[in-house]
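Below: the structure, in structure tokens.
The values are calculated or read from the model by the stated rules, or taken from the named source; none is laboratory data. Computed from a prediction, not measured in an experiment: that's the story for all the values here. Don't worry about glycine lacking a Cβ; one is built from the backbone with ideal geometry, like all the others, and counts go over all protein chains shown. Side chains included, ligands, DNA and RNA excluded: accessible areas come from the protein's heavy atoms. Shrake-Rupley method; radii C 1.70, N 1.55, O 1.52, S 1.80 Å.
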Amino acid sequence: MKNNKIFFMFVLIFLLNSISLTGESNSFDKSSDWISDETVASVVKLSSLLKVYTVEGLASDYVYKSVNGSPDFGDATVVSEEEKLVHVGTGVIVTPQGLIMTNAHVFGAYLNAEIKQKANPAGKPLIGKTGGNVYQVIVNEYPNHMFVGLCEIERLKKNDDKQFLSYVAEKVFWDSDYDSQIRDRALLQIVCTATMGENQLPVIGEDCFNEINVPYSKLANPFEHDYLETKVRAVGFPGSGDPNRSSKTSGELLGYEDDTKSNILHTSWISNGNSGGGLFYKDKLIGINTWDNRITASRPVAVAQPDTYWNEFFAFTKYIYPQIYLPEFSYEWMEADPSSEKYKNQVYVPVQIVHKENVQKPMNGGYVVVFKDEMTRNQIADYMQYEKDFNMSWEIVKLLWNYDVDAVLAEVEISKELAYQLRAVTEKKDLRPLLAEDVIPFYDLWCSNDFVYDIYWINDEGKTVLTLPANSTIKVIYVDADDNESKEYALTLNDKTEQGPFLIKVGM
């Protein structure tokens, strides 16, 4: 009997250990339905500090301007002014040193002053004591910075996911044409802690630092997933519910938008403040939530931009801001992109222009002209002029669509016969029959999507990053501040992998 008890105890201990081990394994391997504390903590709340002026008697065509850092409202009367911290959106920290991926429309929400007329509860314009309309003028106190709210991992482990204002992040790069809903990207870098000033509102502190250690998310290939495991999670700060706690919602990965945009479609619930937040698959960041298509869909479908859209910014950051740490990123992910967009076939090529007699002396002014290898510099000069003329013709065409011929002729110097010919134009290609034979080759290039030339200004260190077609040879000419040109230099780009940096030695 005693031996049987001992045997039973051994079996019981073995079973208990097995249950414990199995439990740990299942806890760790919950695929995309599980995200770690560090992932949750890496998703941060982004806010802007705004100054709101209430002004009476402001001209209806007023354009905001400041003098010595203070707003200039002319003869208008400032009734009141206040500061407030406004939640704008979400970001995801992708390095322990504090690099943040987010949307351009999050960073740019209050980049420019906003002027809006105040109305009474009935919706009629509010009239002030001076008899003039009342306006609100909203100005971003720190247009190049955002305030970062972060939740510490130790608190998450105690089931407390409340975030607190912690850091200040500075702009690195952002899109300026995000209205097209093709690219909506921004990259920020944490530069210092947030310091509380008067009225418990933050200011940018003096204790800026280069290295910190914050929770961060790892990037993964957004185009590689198990078709049987399509669960994804969206994490962000939608501004509903408790505004200081992140929302964590589950959904299904539906696929990609179309053959020109490889945006990720999924069913995780997102709302306005989620913009810039993370979309995760198996605890890895695969995209940044940006929009939803509730207008065109019977049920809301969320749209996230794949993290590969940020590869251009990573390339620029590496060479323009070498002090900034970057996340691990593979350019091979681009090969699986389901879209046919030309950006897949582009490479980002860093160059530095230095003096040929002293490579330690960078050219700190001027620009580089980059153009197709088969064209000469004179042909490029001609093309630039033709391009200017074509664009002018196209602007006249658009005027003739909206105004009668006589009204347009009063503004431009062309014949009435040509004006009627241009009015019949509906597409750029329709201009072709109106052109001289020797101009048509340039016109065909202008209408095509082929790379012809581009101009890049260099920074004080003689650096820039060129966006170029892969598998090509291009020519580079440096032009200094006095319009003196260097000779032509050829660069050969062999494949879609990251290239360079190229050191170009010039003598002027």
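Observations, loosely collected:
- Protein accessible area in the range 371-476, 1.4 Å probe - carbon and sulfur %: 47 percent
- Between 0 and 90°, nearest 10: helix 311-320 axis offset from the chain longest Cα axis: 80 degrees
- Rounded to whole Hz, the Karplus (6.51, -1.76, 1.60) HN-Hα couplings of the range 330-344, x for glycine and proline: 10, 6, 5, 4, 4, 5, 8, 4, x, 7, 9, 4, 5, 4, 5
- Among [x] -0.40, -1.29; [y] -0.48, -1.21; [z] -0.55, -1.35, the entry that matches log10 I(q)/I(0) by the Debye sum over Cα atoms at q = 0.07, 0.13 Å⁻¹ as calculated here: [z]
- Relative packing of peptides 219-231, 117-129, 342-354 - highest average C-beta neighbours within 10 Å first: 342-354, 219-231, 117-129
- Orphan Cys of the chain, criterion: no other Cys C-beta under 4.7 Å: Cys151, Cys447
- Using only side-chain charges placed at the Cβ, +1 for Lys and Arg and -1 for Asp and Glu, the dipole size of the range 284-404 relative to its Cα centre rounds to 300 debye.
- Highest-first arrangement of 358-371, 161-174, 263-276, 92-105, where packing means the average Cβ count within 10 Å: 92-105, 263-276, 161-174, 358-371
- Share of carbon and sulfur in the accessible heavy-atom surface of the range 123-265 [1.4 Å probe, %]: 46 percent
- Per residue, the chain exposes an accessible area of 54 Å² to a 1.4 Å probe, with every protein chain left in place.
- Segment Lys118-Lys356, extension gain: residue separation times 0.36 nm, minus the distance between their alpha carbons: 79.6 nm
- Selection of GluC sites (Glu not before Pro), the range 375-455, meeting DSSP coil and at most 13 other Cβ within 10 Å: Glu411, Glu413, Glu427, Glu437
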